Amino acid sequence: MKKFFIIFLAFFLIPISVSADTELLRCYFENSVVCRGEEPDQISTLSDLTLERGEIGNGVLINDFDVLAYPTLGNFNKDNGTIEFWMIPKWNGDDGKNHVFFDNRFNSSSYGFQVYKHGNTNNLLLIVHTQNPDGIDYKIQLQKDVSDWVAGETHFIKATFETDGKLNFYIDSEDVGEKIYNPPPFLNDKILLSSFVDENGDPSTYGRTDSVIDELRILDHVEDLKPDYSLELGVYSFFNKNRFKWKLRPELAAMEELGYDFIDAASFTVTWRDLQPSEYMYNWTLIDKVISKAASEGKKINICPFTSRLSYIPEWLPQKNGFQFFETVTVSGNEDTVVAIPWNSVYKYHLYNFIEKLAERYKENETINYINIAGGGTTTGSETTYTFPVTNPDFSIKFQEFKNLGYSEDVDRVVWKDLIDKFAKEFPNKYLTLNAHFSYPDNSTKFSDWNADLAFELMDYSVKKYGNKVIFINTFGNANHWWDNMTERILNDQINTESEKLVNKQRELSDKTNIARQTARYSEAGDYSDTEWISKVGEKIGSLGKAIHNAYRLNMTIVEIYVHDIMTPWAPGDTSTVGNCFDELSWAHKCFKYKQIEACDKLDEYVQIV
């Protein structure tokens, strides 16, 4: 077996304390073990190190007698901090063996932190060898049984600690427990990702890592990205800026529905173009207007930025050198079919600046309920999907063009995970939403080749790293579309299509986070302009009550409904008579928000008679 050693020499005992709120060490392991801000002293054996598929791009495989070490000095603060990394074990959790992942003690007479799996108990442990205020040595230990782990699955490990505060240990976002933390009096000179080593830094056969380690981060402060407020569940009004232009519907322009008791929040879609008219100028008027109205009614709002199509991005951005775009279908001159390339460095640079500015203004605003993650895909920018021609050979031609611009499953995977992390970092105290959709494998040859694999991976990534901070949105909301039959098939465990697999995956994750059903609607009036709406109101889709009921049956706790369908739905089966759906919406409000069984039963009763 190959051997890999990178050992850093420094003072053996180091009292470590540095300034606050700093990312001390960040290791991507994409193409090497050189970490941001920290280059190994010895790289002569770099060719012997295995880099393979990690959680984001590549990770480093540490097996056999491999020892990967970084200096403690400047990279670890013993008083306050966060340690986190992804790992992919090559072993099952019940293998009865020791496996070490993180160790800056590595010596029975030393102080420090260790993360490892104990062979006899199959517990994953965080142990801090330290000293109490009276000068007596002891160890702090937190642990969880991981005997159900399966080789090849990914897991997110995180520990946080602060002087005179708490030591917390998280495994896949689950808080394993907390203990009172007393920092060690000093630490050794190395941070090891390896099996246990002896006093000379030589690896032993005890506790081999045998895992891929990825995205190692060490901070000098506790990073807590969990919202400290309760998410507003229930019925949301869904709309964009067009409502403010409607002369024929003044009640829509006035946002009257926010005064209704059964409306719990409002989801406002707004384009990046509307918010940043020039590179160095922002205009927040639209969002502020909705926030002001919602706050006056005691309601919350959700911000849903649209960022992908040429009609959504700022007009000045395509003029930048190096900006790339792609025409998804062959329709010359239509901005809605031309999209930015999500992995293009120019687009990403300005998009991330925009996200930071959005956060600067709204991350502390108490009226904001959640922020929609956006920046990828070729539709709105918030859906993890790409649009290509339905027919062949047009699909094959366009898909190959897209691949020539750099698309691959791996590239797309990195784009979306980076976006999830970016929004989580910039909005630490806000809930986020992820609109997980279908994607295309690299070998796709026709439109129907899409699958839900990336959506599954992104949802797992979000839940394991951020828990219930990230809400999953299901946009298949039409009432008498294929949705109705799909609900029955899923509940009867007759799952065949990729669509059914995706909805069922969200249902399975509903015990870990909230699931929203977007634009459950009654008519095709939808999101049209003033005059278009008049011609569309008669094109009824189906029963809104049934759409809401299906959401309830599939464990969803939020429904977003077009404002037009809230304010002026049409009576079932009769487009000449104006009715309303206030009863159904009131039952949904009480059912989703307050879990009132009688309200949920009312939805059941309504469905039986429609």
Practice task
With respect to Val150, determine if the residue is buried (at least 16 other Cβ atoms within 10 Å of the Cβ) and at pLDDT 95 or above.
Solution key: no
Practice task
Check off (1) modelled with pLDDT under 95; (2) assigned to a loop (DSSP other than H, G, I, E, B); (3) open to solvent by less than 40 Å² (accessible area, probe 1.4 Å); (4) over 23 Å from Leu73 (Cβ atoms) for Ser110 and give me the number that stays unchecked.
Solution key: (4)
Completion exercise
Residue hits (region 397-408; surrounded by fewer than 16 Cβ atoms within 10 Å (Cβ to Cβ) and in contact (Cβ under 8 Å) with a residue 40 or more places away in the chain) are Glu401, Leu405, Gly406
Exercise for the section: Give the residue, chosen from Arg243, Arg273, Arg217, that is modelled with pLDDT of 95 or more and either open to solvent by 50 Å² or more (accessible area, probe 1.4 Å) or in a helix (DSSP H, G or I) (or both). Expected result: Arg273
Fill in the blank from the handout: When restricted to Met486, Met459, the only residue touching a residue at least 12 places away in the same chain (Cβ under 8 Å), over 25 Å from the mean Cα position of the chain (by Cα) and not in a loop (DSSP other than H, G, I, E, B) is Met486
Handout entry: Yes/no for Glu364 being in contact (Cβ under 8 Å) with a residue 12 or more places away in the chain and part of a loop (DSSP other than H, G, I, E, B)
Key = yes
Practice task
Considering each residue of region 420-446, count those that are closer than 20 Å to Val329 by Cα and surrounded by fewer than 18 Cβ atoms within 10 Å (Cβ to Cβ), and give that number.
Solution key: 5
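If a residue must be open to solvent by 40 Å² or more (accessible area, probe 1.4 Å) and over 14 Å from Ala551 (Cα atoms), how many such residues does region 499-510 contain?
1
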Fill in the blank from the handout: For Asp484, the lone unmet condition from (1) modelled with pLDDT of 85 or more; (2) closer than 27 Å to Glu584 by Cα; (3) open to solvent by 10 Å² or more (accessible area, probe 1.4 Å); (4) of a type outside the set (S, T, N, Q) is (1)
Exercise for the section: From the list Tyr312, Tyr349, Tyr282, pick out the single residue that is in contact with a helix residue (DSSP H, G or I) (Cβ under 7 Å, 6 or more places away or on another chain), surrounded by fewer than 16 Cβ atoms within 10 Å (Cβ to Cβ) and not acidic (Asp, Glu). Expected result: Tyr282
Practice task
Check region 116-129 and report whether any residue there is at negative phi, assigned to a loop (DSSP other than H, G, I, E, B) and open to solvent by less than 30 Å² (accessible area, probe 1.4 Å).
Solution key: yes
Completion exercise
Restricting attention to region 430-452, the residues that are touching a Ser or Thr at 6+ places or on another chain (Cβ under 6 Å), touching a residue at least 40 places away in the same chain (Cβ under 8 Å) and assigned to a loop (DSSP other than H, G, I, E, B) number exactly 4
Exercise for the section: Run down Gly177, Gly135 and say which single residue is among the small types (Gly, Ala, Ser) and touching a strand residue (DSSP E or B) at 6+ places or on another chain (Cβ under 9 Å). Expected result: Gly177
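The values are calculated or read from the model by the stated rules, or taken from the named source; none is laboratory data. The model shown is predicted, which means the values in this text are computed figures rather than measured ones. Glycine gets a Cβ as well: all are built from the backbone with ideal geometry, and neighbour counts include every protein chain shown. Areas reflect the complete protein model, heavy atoms only, side chains present, ligands, DNA and RNA absent. Shrake-Rupley method; radii C 1.70, N 1.55, O 1.52, S 1.80 Å.
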